[in-house]
Every structure is written in structure tokens, then in C-alpha cells.
1. Cut-off under 17 Å on the C-alpha distance; same-chain residues fewer than 8 positions from Lys120 excluded. Which lysines are left, in chain and number order?
2. What fraction of the DSSP beta bridges in segment 295-380 is antiparallel, stated in percent and rounded to the nearest 5?
3. Suppose a student asked you for the relative contact order of the chain, using Cα pairs under 8 Å spaced at least 6 residues apart; what percent would you report?
4. What ³J(HN,Hα) values, in whole Hz, does the Karplus curve 6.51 cos²θ - 1.76 cosθ + 1.60 give for segment 324-329 when θ = phi - 60°, with x put for Gly and Pro?
5. Once you have a ≥ b ≥ c as the square roots of the Cα gyration tensor eigenvalues for segment 269-395, tell me rounded if a/c is under 1.5, and otherwise prolate or oblate according to whether a/b is larger than b/c.
6. Using the alpha carbon gyration tensor of segment 3-63, what are the three equivalent-ellipsoid semi-axes (square root of 5 times each eigenvalue), largest first, in whole Å?
7. What list of ³J(HN,Hα) couplings, whole Hz, do you get for segment 58-63 from phi and the Karplus terms 6.51, -1.76, 1.60, once you set θ to phi - 60° and write x for glycine and proline?
8. Amide H of Lys346: which non-local residues (sequence gap of 5 or more, or other chain) have their own amide H closer than 5 Å, using H built in the peptide plane?
Amino acid sequence: MTRSEYLMALYDALNDIPAEDRTEIVSEYRDFFDSELAKGRTEEEICISLGDPVTLAYAIKQRRGYGKPPKQPPVKRGHPGSFRAVRIIMGVFIAMAVFSILGFSVTYEIGRGIFGIGEKYDVDNYKDIDPGSAESIKIQVKVADTIIKVSPDNKVHASLKGSVWTTSEKAVPKLEVFRDGSSLIIREQRESLSITHFSGSLNLDISIPEDFRGRIIYEGAAGNLTSYGLELDSLHVKLTLGDIRLEDIALDDDLSIVSSSGNINIEKLKAKEAYIKSSSGDKKLKSMTVRGDVTFISSSGNNYINDMECDSLSVNSTSGDTTINGLNGGLNAKSTSGNVSVTLEKLIGSIDISVLSGNTELRIPSYSDFTIDCSVASGDIDCDFDLDDEHSGKKSLRGSHGAGTYPINIKTTSGNIRIRD
């Protein structure tokens, strides 16, 4: 796409706002193209960086208070039978919900399903094992809230307690603890799966010896995970549905978290590297010291990062605000939709921030040494610092402060940029 084609598409997508605003916005982006072309970028590169013009127009209208969603192409009507199928499926799920409230349960076993009024089964399993020379502990959970903490002795203790309602005794979970090579396996096992429960709850409590320094690998389908007071080689968590809370964790190697749905809270953590990926839910990270890099990926939800020390923090947020306070390290942040606010404890690395739609605010100490390059397509730039070799335009700002040691690059497509001391 060329510059002319992009600006024309943007102009067409802004057809439902006042003509004066429409002309002003397109003029701003025409100036943005001019400034970027002067830096040596091609028209195609600039178009790609701005994204789809219809999506950009929607973001601009939202920021300016117009707020009408972009028009979508009409949906083709399918065969009437497809709608009947949808209604049948919806009816099945509604019926299952009603039956669950009444105490009914549906249980699937190999080759057959069982439907009826569920019976309550109490679960009270306990096992312990000597870890010996085990290098890792693997925890596999289907549906249970899990707590992992320090053991009072030299054994691994595990207890599974609670109750479930099901039509089949085979769907009642059992606790399994066994050794598999250099690993210990702690598993909540069910011979069949009951897909509805009535007033059921399970708690899996695990205690690890204080001197265990291996890996913990947790895989959960549903249920919250809480862990505190552990010193390990590494911790790897994969959870489909549920909240994650880690507190006072010290790792010689890396932390890895992959969460599909649920909030993540981490406080007082030390590690060599950290990787956190969340599809949905708010994330709160506080008092983290990482000797290497931190990678943070968020598809949806707000992100709060406080008092983090690392070589470099990489943040990629699709939807939601990102607030970073007390960062001591470099930063590479990308946001598709949402405001980005960053406060640096000390500028000790490069800062690179790219925002498609949202405001950006960066606070750095007044004594910092940096070279800055900011640009906006639609929005304003405001800087508190007196810059050397300042070059400022309507939508761009370049210059240096102090020794000009660390580069700061901020680019915003739709939104304001504020640099504060």
C-alpha cells in the first residue's frame, strides 16, 4: 500500500466524524509520513507500522470520544439447519446447567455416558515419599486448588481433601504419588470425567523439603495455584483456568508461567530468567529481582509491575493498560490498545516503547543521561527536560540530555507522549 492509498483509506474510514476533524487527522498523518520518510523509511514500512487504516480510524475515534465501532461486512446467512444445530447445542448446555443445580451429573466413561442425580463422595487421601535424589517434582492436576509450601521434615507430603458430586464412583479423584526415574510424580487421577459437579471442591496440599533444590513442574486444567517460601532450581507453571499466586520464591535458574485464564500475582521473587504469558486476566508483579531478562506477554487484562530489577524487561500487551513503577533495567514495551505508564528507578539501559492506541508517560530521574527520539502520528509530545541538539517538529522530538548514554525511542500511532522528571 502506498502513502496516498493509505491516507485515502483512512479518510474514508473517518466518514462519520465532523469534516473539520477528519481533515485535521489526515493532515497529521500526512505530516507523520513526511517525517518518517525523511528518516529513510519506505512508504510500505510506514503503512505496516500504522496497521490497518480502518482499525486505526476506530482507535482515533475512541480516543476523541466518538466511539462508534468500525463497520463490519454483512454476515452471510448459513443454511437454516446450522441455526437449528446451534439452538440444540445451546439447549443442551442450558439443560446441563439446570440439572447441575438440581444435583444431576453427567459422567463420561470410555464408550458410554452416565446421566442422573449425583451422589456426594468425600475425598481424603494422604501420601508421603522420600525425595531421595529426585531432580524434579511433577504435579498434575485436573480440578483442584493447589498449595505448594515448605515441608516440616525431609519428606514430600501430599494430601487431597474435599468432596465431589458424581453419578459414577470412577469419577472420584484419587491421589497418586510415585517415582518415575529422576522425577517424583504427584497426580490427581480420575478413571472417568464427570463434567458437572454440585457443591464440589477439592484442595491439594503439597509440602516440599526445605533442602530440595530441583525443578517443580506444575500442570493444571482448573483450580487456583498458590506457592510460597520455596528455594528451587526452577519453577514451571502451566494452568488453563485459575489464579496463580507466588510469594517469596528464590530460583537459581528460570521461572516460566503460561496461563490461559486467571489472574497472576507474584511478590518477592528472585530468578535468573523469567517468562510470563497470560491470555486473560490481570497481572501484578512486585519486588522481583531477575539477573537476566524478563519476558512478559499479555493478550488481555491490565498489567502492574512494581519494583523490578533486571537486565531487560520485554512487555507485549494486546489489550489493557500497562503500569510499571520502580523499574531498574532496560525496557522494550509494545502495546496494541491501552495506556503505558513507566517510572524508572534508574536509567541503566535502552528504552523502546511502541503504542498503537493509547497514551504513553515516561518518568526518569532528572540526572539521567539519554538520547531521545519520539514521534506521534495523532497526538502531542510534551517533555520536561531541556535537551541538547534539540530537533522538534509538530509530531516529533529528538535531542540528548547529559552524556546522552542511553537511547530512548517512543513511537505512538494514536495517543499523547509525556516525558517527566
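1. Cα-Cα hits under 17 Å: Lys161, Lys170, Lys174.
2. Percentage antiparallel, nearest 5: 0.
3. With pairs under 8 Å counted, the relative contact order is 9 percent.
4. 10, 10, x, 7, 10, x
5. oblate
6. Numbers: eigenvalues 83, 28, 17 Å².
Result for segment 3-63: semi-axes of 20, 12, 9 Å.
7. Here the 3J(HN,Hα) series is 4, 4, 5, 5, 4, 5 Hz.
8. Gly329
Computed from the coordinates by the stated procedures, all read-outs in this text should not be read as laboratory data. Nothing here was measured: the structure is a model prediction, and the numbers come from that model. Because the Cβ atoms are built from the backbone with ideal geometry, glycine has one as well, and the counts that use them run over all protein chains shown.
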